[in-house]
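Colleague: Let me give you the structure first, and then I'll get to my questions.
The values are calculated or read from the model by the stated rules, or taken from the named source; none is laboratory data. Everything quoted here is computed from the prediction, not taken from an experiment. Note that each Cβ is placed from the backbone with ideal geometry, even for glycine, and that neighbours are counted across all protein chains shown. SASA here: full protein model, heavy atoms, side chains in, ligands and nucleic acids out. Shrake-Rupley method; radii C 1.70, N 1.55, O 1.52, S 1.80 Å.
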Amino acid sequence: MASTALPSVCPSAVLSFQDKCKDKTKCAFFGKGKQTLSIKTKSNGQITMAVAVNTSRFDNITMAPPDPILGVSEAFKADTSEMKLNLGVGAYRTEELQPYVLKVVKKAENLMLERGENKEYLPIEGLAAFNKATAELLFGADNPVLHQQRVATIQGLSGTGSLRVAAALIERYFPGAKVLISSPTWGNHKNIFNDARVPWSEYRYYDPKTVGLDFDGMIADIKAAPEGSFVLLHGCAHNPTGIDPTLEQWEKIADVIQEKNHFPFFDVAYQGFASGSLDEDASSVRLFAARGMELLVAQSYSKNLGLYAERVGAINVLCSSADAAVRVKSQLKRIARPMYSNPPVHGARIVANVVGNPDFFNEWKDEMEMMAGRIKSVRQKLYNNLSAKDKSGKDWSFVLKQIGMFSFTGLNKAQSDNMTDKWHIYMTKDGRISLAGLSAAKCEYLADAIIDSYHNVS
Ligand code: PLA
């Protein structure tokens with residue numbers, strides 16, 4: 001800040017100066033709001049004038065790093081190459097690499113328009129028909145936990161917002177409890193718990209040597225965690241590895257969690273997308289519920305119904321009694337109200353309409369199978385190209401073993417950089433590619449890029 005002492009002037013001069021400057025648009029000292037001027041009269045009659053040039057109270061705020069996943073889409077947009085391919089974010093594309101709105105979603109929306117639904121606020125907990133449908137999709141409509149009213153469900157701002165509400169519940173009612181997160185995991189998990197001030201640590205999950213699950217490491221780390229920790233589990237289609245435990249392994253994971261009095265916390269962002277079946281993909285959650293365990297589940301409809309920007313999802317807390325569920329639900333609402341007040345209605349109505357109408361429900365299942373099927377077919381085609389073109393003898397079969405939207409290629413940061421810099425293929429720097437953004441036509445090009453990056457960059 002520059003400080004200038006003006007020659008002694010009488011107070012009336014100050015007044016006239018201030019008067020002149022009342023019209024700030026004409027006064028040179030107030031150029032475009034970038035400068036501020038303050039005038040002080042000292043006891044000796046001198047006037048000091050302080051001019052602050054181009055300063056901001058935000059000057060000590062540094063640039064946040066670009067988001068490791070959504071930042072990739074920004075970089076992709078800026079690339080002018082015709083060969084460019086966005087395999088960063090997990091968003092389903094058609095064979096023509098265009099975004100896809102499910103036909104059944106359009107039908108449900110038309111119905112909603114015809115009905116002339118209003119735009120009144122939803123209750124804090126969200127749309128009742130949605131909450132009922134989402135808990136039934138997750139646990140199965142005839143699951144005793146629902147009939148016993150042991151599940152507290154509130155609609156959330158998709159998977160992310162639901163995880164954030166659950167994190168706030170943990171912070172408030174289980175202070176100091178740790179969340180155990182798989183290594184690696186979806187990049188945003190750590191931010192969510194950091195921002196909610198919930199301590200976390202990692203458990204082993206991925207074994208680069210076998211390109212598979214490090215099951216023994218996972219069990220050992222869950223066992224070693226302080227009793228009563230929350231164990232964050234990907235319900236299906238683990239992101240980023242695409243490696244899920246088998247049902248037998250899930251049973252063993254449940255054993256250890258029960259032994260240690262831990263709390264299972266499922267993130268279900270891909271129900272129906274891993275196997276193509278809603279029920280099969282919920283089997284991990286249902287297995288834990290059948291053991292009478294209390295658990296948390298965050299759900300998302302971004303991928304399975306393609307409702308990405310509608311932000312529709314839910315947080316479910318399975319409690320050991322109906323009475324506990326009522327109290328937990330009241331506190332979930334208490335957390336949500338000052339955070340975002342109440343959730344958006346449009347996506348919730350779509351889900352409720354699709355699930356509530358048997359024809360629509362069947363159409364949804366068909367379309368989900370179609371999407372999951374397209375991803376499986378490009379997975380196969382990518383593998384075929386990799387194994388036919390790479391003469392080094394490397395085993396690429398892990399591509400086929402992984403499930404869901406992603407393939408975890410094992411490419412390191414330098415190799416992933418090569419994919420982008422040389423081949424214009426955009427992906428996250430942990431070596432993850434979204435097969436949902438790949439077309440059959442681009443499989444060969446992608447295989448060439450992977451082989452080049454794997455063998456020629458270290
Ligand atoms: N949980 C997991 C494991 C996810 O992969 C994602 C999304 C979410 C929750 C949250 O999604 P939602 O808030 O839209 O419901 N992961 C994406 C997108 C698809 C993202 O990073 O936001 C991904 O590319 O990893």
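Colleague: Among the numbered conditions (1) farther than 18 Å from P264 by Cβ; (2) away from the ligand (no atom under 16 Å from the Cβ); (3) open to solvent by 30 Å² or more (accessible area, probe 1.4 Å), tell me where G217 comes up short.
Modeller: (3)
Colleague: If you don't mind, there's one more thing I want to ask. Report yes if D244 is open to solvent by 30 Å² or more (accessible area, probe 1.4 Å) and within 16 Å of the ligand (Cβ to nearest atom), otherwise no.
Modeller: Values: open to solvent by 30 Å² or more (accessible area, probe 1.4 Å): yes; within 16 Å of the ligand (Cβ to nearest atom): yes.
Spelling it out, D244 is indeed open to solvent by 30 Å² or more (accessible area, probe 1.4 Å) and within 16 Å of the ligand (Cβ to nearest atom).
Colleague: Determine which single condition Y383 fails, assuming it passes every other condition in (1) under 30 Å from L446 (Cα atoms); (2) within 16 Å of the ligand (Cβ to nearest atom); (3) of a type in the set (S, T, Y).
Modeller: (2)
Colleague: Among the numbered criteria (1) under 29 Å from V145 (Cβ atoms); (2) open to solvent by 50 Å² or more (accessible area, probe 1.4 Å); (3) within 24 Å of the chain's Cα centre (by Cα), which one does L332 miss?
Modeller: All conditions are met except number (2).
Colleague: Return the residues of the range 335-359 that are part of a helix (DSSP H, G or I) and either crowded, with 19+ Cβ neighbours inside 10 Å or touching an Asp or Glu at 6+ places or on another chain (Cβ under 8 Å) (or both); say none if nothing qualifies. Working first, answer last.
Modeller: First pass over the range 335-359, keeping only residues part of a helix (DSSP H, G or I): 335-340, 346-356, 358-359.
If the condition is that a residue be part of a helix (DSSP H, G or I) and either crowded, with 19+ Cβ neighbours inside 10 Å or touching an Asp or Glu at 6+ places or on another chain (Cβ under 8 Å) (or both), then I335, A336, H346, G347, A348, R349, I350, V351, A352, N353, V354, V355 are the ones that fit.
Residues checked against (1) in a loop (DSSP other than H, G, I, E, B); (2) in contact with an Asp or Glu (Cβ under 6 Å, 6 or more places away or on another chain); (3) under 18 Å from F263 (Cα atoms):
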| residue | (1), (2), (3) |
| --- | --- |
| L163 | no, no, yes |
| A167 | no, no, yes |
| I170 | no, no, yes |
| P175 | yes, no, yes |
| I181 | no, yes, yes |
| F193 | no, no, yes |
| Y203 | no, yes, yes |
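Colleague: Right, something else. Taking the range 180-199 as the region of interest, how many residues are surrounded by fewer than 21 Cβ atoms within 10 Å (Cβ to Cβ) and away from the ligand (no atom under 13 Å from the Cβ)?
Modeller: Going through the range 180-199 one residue at a time, the tally reaches 6.
Colleague: Now a separate question. Can you tell me which residue is least open to solvent (accessible area, probe 1.4 Å) among those in the range 279-292 that are away from the ligand (no atom under 16 Å from the Cβ) and touching a residue at least 60 places away in the same chain (Cβ under 8 Å)? I'd like the intermediate steps shown before the answer.
Modeller: Pass one, the range 279-292, residues away from the ligand (no atom under 16 Å from the Cβ): 279-280, 283, 286-292.
Filter again for touching a residue at least 60 places away in the same chain (Cβ under 8 Å), leaving 279, 286, 289.
On the way: D279: 94, R286: 50, A289: 7 Å².
It comes out as A289.
Colleague: List the pairs whose first member sits in the range 245-267 and is within 21 Å of Y206 (Cβ to Cβ), whose second member is loosely packed, with under 15 Cβ neighbours inside 10 Å, and whose Cβ atoms are under 7 Å apart, counting only residues at least 6 apart or on separate chains?
Modeller: A254/R291; V256/K223; H262/G228
Colleague: Still on this model: Looking at the range 402-454, which of its residues are within 21 Å of K303 (Cα to Cα) and either assigned to a helix (DSSP H, G or I) or away from the ligand (no atom under 16 Å from the Cβ) (or both)?
Modeller: Matches in the range 402-454: L435, A436, G437, S439, A440.
Colleague: Which numbered condition trips up D221, out of (1) within 18 Å of S158 (Cα to Cα); (2) touching a strand residue (DSSP E or B) at 6+ places or on another chain (Cβ under 9 Å); (3) not β-branched (V, I, T)?
Modeller: (1)
Colleague: Additional query: Does the range 113-128 contain any residue that is in a helix (DSSP H, G or I) and within 16 Å of the ligand (Cβ to nearest atom)? Break it down into steps so the answer makes sense when it comes.
Modeller: Start the filter on the range 113-128 by keeping residues that are in a helix (DSSP H, G or I), which leaves 113-115, 128.
Pick out the ones that are also within 16 Å of the ligand (Cβ to nearest atom) and you get none.
For the range 113-128, residues in a helix (DSSP H, G or I) and within 16 Å of the ligand (Cβ to nearest atom): absent.
Colleague: Those residues that are open to solvent by less than 50 Å² (accessible area, probe 1.4 Å) and part of a helix (DSSP H, G or I), I need them from the range 76-108; list them, please.
Modeller: F76, V104, V105, A108
Colleague: Further question: Please go through (1) of a type in the set (D, E, K, R); (2) surrounded by fewer than 23 Cβ atoms within 10 Å (Cβ to Cβ); (3) within 23 Å of A372 (Cβ to Cβ) for D452 and return the number of the only condition it doesn't satisfy.
Modeller: (3) is the only condition that D452 fails.
Colleague: Taking the condition over 21 Å from the mean Cα position of the chain (by Cα), buried (at least 23 other Cβ atoms within 10 Å of the Cβ) and either at pLDDT below 95 or away from the ligand (no atom under 13 Å from the Cβ) (or both), does I253 pass? Don't jump to the end; show me each part of the working.
Modeller: Numbers: over 21 Å from the mean Cα position of the chain (by Cα): yes; buried (at least 23 other Cβ atoms within 10 Å of the Cβ): no; either at pLDDT below 95 or away from the ligand (no atom under 13 Å from the Cβ) (or both): yes.
Spelling it out, it is not the case that I253 is over 21 Å from the mean Cα position of the chain (by Cα), buried (at least 23 other Cβ atoms within 10 Å of the Cβ) and either at pLDDT below 95 or away from the ligand (no atom under 13 Å from the Cβ) (or both).
Colleague: Restricting to the range 145-161, and then to whatever is near the ligand (Cβ under 9 Å from one of its atoms) and part of a helix (DSSP H, G or I), can you tell me which residue is surrounded by the fewest Cβ atoms within 10 Å (Cβ to Cβ)?
Modeller: Step by step, filter the range 145-161, then rank; the result is T160.
Colleague: Would you confirm whether any residue within the range 82-96 is in contact (Cβ under 8 Å) with a residue 12 or more places away in the chain, more than 16 Å from the ligand (Cβ to nearest atom) and on the phi > 0 side of the Ramachandran plot?
Modeller: no
Colleague: A follow-up question, please. In the range 416-444, what residues are more than 15 Å from Y206 (Cβ to Cβ), surrounded by fewer than 21 Cβ atoms within 10 Å (Cβ to Cβ) and in contact with a helix residue (DSSP H, G or I) (Cβ under 9 Å, 6 or more places away or on another chain)? Break it down stepwise before answering.
Modeller: Taking the range 416-444 and keeping what is more than 15 Å from Y206 (Cβ to Cβ), we get 416-427, 429, 433-444.
Of the ones still in play, those that are also surrounded by fewer than 21 Cβ atoms within 10 Å (Cβ to Cβ) are 417-418, 421-424, 429, 439-442, 444.
D417, N418, K422, W423, H424, K429, S439, A440, K442, E444 - these are the residues of the range 416-444 that are more than 15 Å from Y206 (Cβ to Cβ), surrounded by fewer than 21 Cβ atoms within 10 Å (Cβ to Cβ) and in contact with a helix residue (DSSP H, G or I) (Cβ under 9 Å, 6 or more places away or on another chain).
Colleague: Go through the range 200-212 and count every residue that is away from the ligand (no atom under 16 Å from the Cβ), crowded, with 17+ Cβ neighbours inside 10 Å and not β-branched (V, I, T). Give the derivation first.
Modeller: Of the range 200-212, the ones away from the ligand (no atom under 16 Å from the Cβ) are 201, 204, 207-212.
Pick out the ones that are also crowded, with 17+ Cβ neighbours inside 10 Å and you get 204, 211.
Now narrow it down to the ones that are not β-branched (V, I, T): 204.
The number of residues fulfilling the criteria is 1.
Colleague: Also: Would you call I170 closer than 25 Å to R291 by Cβ, away from the ligand (no atom under 16 Å from the Cβ) and open to solvent by less than 10 Å² (accessible area, probe 1.4 Å)? Walk me through it before giving the result.
Modeller: Numbers: closer than 25 Å to R291 by Cβ: yes; away from the ligand (no atom under 16 Å from the Cβ): yes; open to solvent by less than 10 Å² (accessible area, probe 1.4 Å): yes.
Yes; evaluated as a whole, the condition is true for this residue.
Colleague: In the list A314, A309, which residue meets the criterion of being open to solvent by 40 Å² or more (accessible area, probe 1.4 Å), modelled with pLDDT of 95 or more, closer than 30 Å to N362 by Cβ and not polar (S, T, N, Q)?
Modeller: Being open to solvent by 40 Å² or more (accessible area, probe 1.4 Å), modelled with pLDDT of 95 or more, closer than 30 Å to N362 by Cβ and not polar (S, T, N, Q) holds for just one of A314, A309, which is A309.
Colleague: Is there a residue being part of a helix (DSSP H, G or I), open to solvent by 30 Å² or more (accessible area, probe 1.4 Å), at pLDDT 60 or above and within 30 Å of A440 (Cα to Cα) anywhere in the range 58-73? If you could, list the steps in order and put the result at the bottom.
Modeller: Quick first cut of the range 58-73, residues part of a helix (DSSP H, G or I) only: 70-73.
Okay, now just the ones that are also open to solvent by 30 Å² or more (accessible area, probe 1.4 Å), so 70.
Restricting the remaining residues to those that are at pLDDT 60 or above gives 70.
Keeping just the survivors that are within 30 Å of A440 (Cα to Cα) gives 70.
Scanning the range 58-73, I find at least one residue that is part of a helix (DSSP H, G or I), open to solvent by 30 Å² or more (accessible area, probe 1.4 Å), at pLDDT 60 or above and within 30 Å of A440 (Cα to Cα), so the answer is yes.
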